[in-house]
């Protein structure tokens, strides 16, 4: 691999990653640490777009499983991603990093509406761009939103940051015999029914030849290491 593999990336952060050791919500320390890492990557000359989940605040699919209308639950989950996006924007701007939040659901008082050309202009001007509110439609996860936005902005890779160091055959926190994969094909993910990403997102990546790298975001410096081509996490392609 080259010293720097990518010019433009889509970073997918889980909402749970923002909690740190808390049981709920946003840890300011964690958000600050993530912001420092993102700033370091930006200083390498990389254009960065970000999608954040909302599971630290509200999970629509979980609420739907308990009887809530699925569409209403999913819209609430989208609003949770907006809260996370604003928190990350604030932390980045505290570091002097120009950051724009573009929302798939119009709410002009707090975020700009999403337009592809606007996003591209901001990225080319070295702004961090955070895509909020998923796709703006129920029944689609933030993983699918990340894959969609990655292709819309011509990102070269989707970096999926998690709490574990890659993709495993089972949950490594529950199964001591879980086996870690270092490389997978899109078909492998679907055939093995691996649950780290939903089938719609992986199919979208497969159909558009978008590589995915799954890595542990809680290890300091890992975002930069992935960008620099270090062999960490699990790579999905082909």
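Worth pointing out:
- Complete set of residues in the stretch 106-128 that are touching a residue at least 40 places away in the same chain (Cβ under 8 Å) and either closer than 24 Å to residue 56 by Cα or over 17 Å from the mean Cα position of the chain (by Cα) (or both): 124, 126, 128
- Annotation note: Cβ proximity below 7 Å between a residue of the stretch 138-165 that is on the phi > 0 side of the Ramachandran plot and surrounded by fewer than 20 Cβ atoms within 10 Å (Cβ to Cβ) and a residue that is at pLDDT 95 or above and assigned to a loop (DSSP other than H, G, I, E, B) (sequence gap 6+ or interchain) occurs for no pair.
- Among the residues listed as 165, 143, 154, the single one being at pLDDT below 95 and either assigned to a loop (DSSP other than H, G, I, E, B) or touching a helix residue (DSSP H, G or I) at 6+ places or on another chain (Cβ under 8 Å) (or both): 165
- In the stretch 168-223, the residue that is farthest from residue 5 (Cα to Cα) out of those that are in a strand (DSSP E or B) and under 15 Å from the mean Cα position of the chain (by Cα) is 216.
- Pairs where the first residue, in the stretch 216-231, is without any contact (Cβ under 8 Å) to a residue 24 or more places away in the chain and the second is in a loop (DSSP other than H, G, I, E, B) and surrounded by fewer than 17 Cβ atoms within 10 Å (Cβ to Cβ), C-beta under 6 Å, 6+ apart: none
- Checking residue 128 against (1) touching a helix residue (DSSP H, G or I) at 6+ places or on another chain (Cβ under 8 Å); (2) over 23 Å from residue 36 (Cβ atoms); (3) crowded, with 20+ Cβ neighbours inside 10 Å, the condition it does not meet: (2)
- Residue that is farthest from residue 133 (Cα to Cα), among those in the stretch 92-104 that are under 18 Å from the mean Cα position of the chain (by Cα) and outside any helix (DSSP H, G or I): 99
- Residue in the stretch 34-54 that is modelled with pLDDT under 90, over 19 Å from the mean Cα position of the chain (by Cα) and surrounded by fewer than 17 Cβ atoms within 10 Å (Cβ to Cβ) present: no
- Residues satisfying the stated conditions in the stretch 4-27, i.e. under 24 Å from residue 123 (Cα atoms) and not in a helix (DSSP H, G or I): 4, 5, 6, 7, 8, 9, 10, 11, 12, 13, 14
- Residue 81, sole failed condition from (1) assigned to a helix (DSSP H, G or I); (2) modelled with pLDDT of 90 or more; (3) surrounded by fewer than 23 Cβ atoms within 10 Å (Cβ to Cβ): (3)
- Where residue 178 falls short, out of the listed (1) touching a strand residue (DSSP E or B) at 6+ places or on another chain (Cβ under 6 Å); (2) surrounded by 19 or more Cβ atoms within 10 Å (Cβ to Cβ); (3) more than 13 Å from residue 9 (Cα to Cα): (2)
- Cross-chain or 6+ apart pairs with Cβ under 6 Å, the stretch 187-204 first and in contact (Cβ under 8 Å) with a residue 40 or more places away in the chain, then surrounded by 15 or more Cβ atoms within 10 Å (Cβ to Cβ) and in a loop (DSSP other than H, G, I, E, B): 198/141
- Residue 22 under 20 Å from residue 161 (Cα atoms), at pLDDT below 90, within 14 Å of the chain's Cα centre (by Cα) and surrounded by fewer than 22 Cβ atoms within 10 Å (Cβ to Cβ): no
- If you go through the stretch 89-105 and keep only what is without any contact (Cβ under 8 Å) to a residue 60 or more places away in the chain and either surrounded by 19 or more Cβ atoms within 10 Å (Cβ to Cβ) or touching a strand residue (DSSP E or B) at 6+ places or on another chain (Cβ under 9 Å) (or both), you end up with 89, 90, 92, 93, 98, 99, 100, 101, 102, 103, 104, 105.
- Within the stretch 225-238, restricting attention to residues that are farther than 23 Å from residue 152 by Cα and not in a loop (DSSP other than H, G, I, E, B), the residue that is modelled with the lowest pLDDT is 225.
The values are calculated or read from the model by the stated rules, or taken from the named source; none is laboratory data. What you see is a predicted model, and the numbers here were worked out from it, not measured in a lab. No Cβ is skipped: glycine too gets one built from the backbone with ideal geometry, and neighbour counts run over all protein chains shown.
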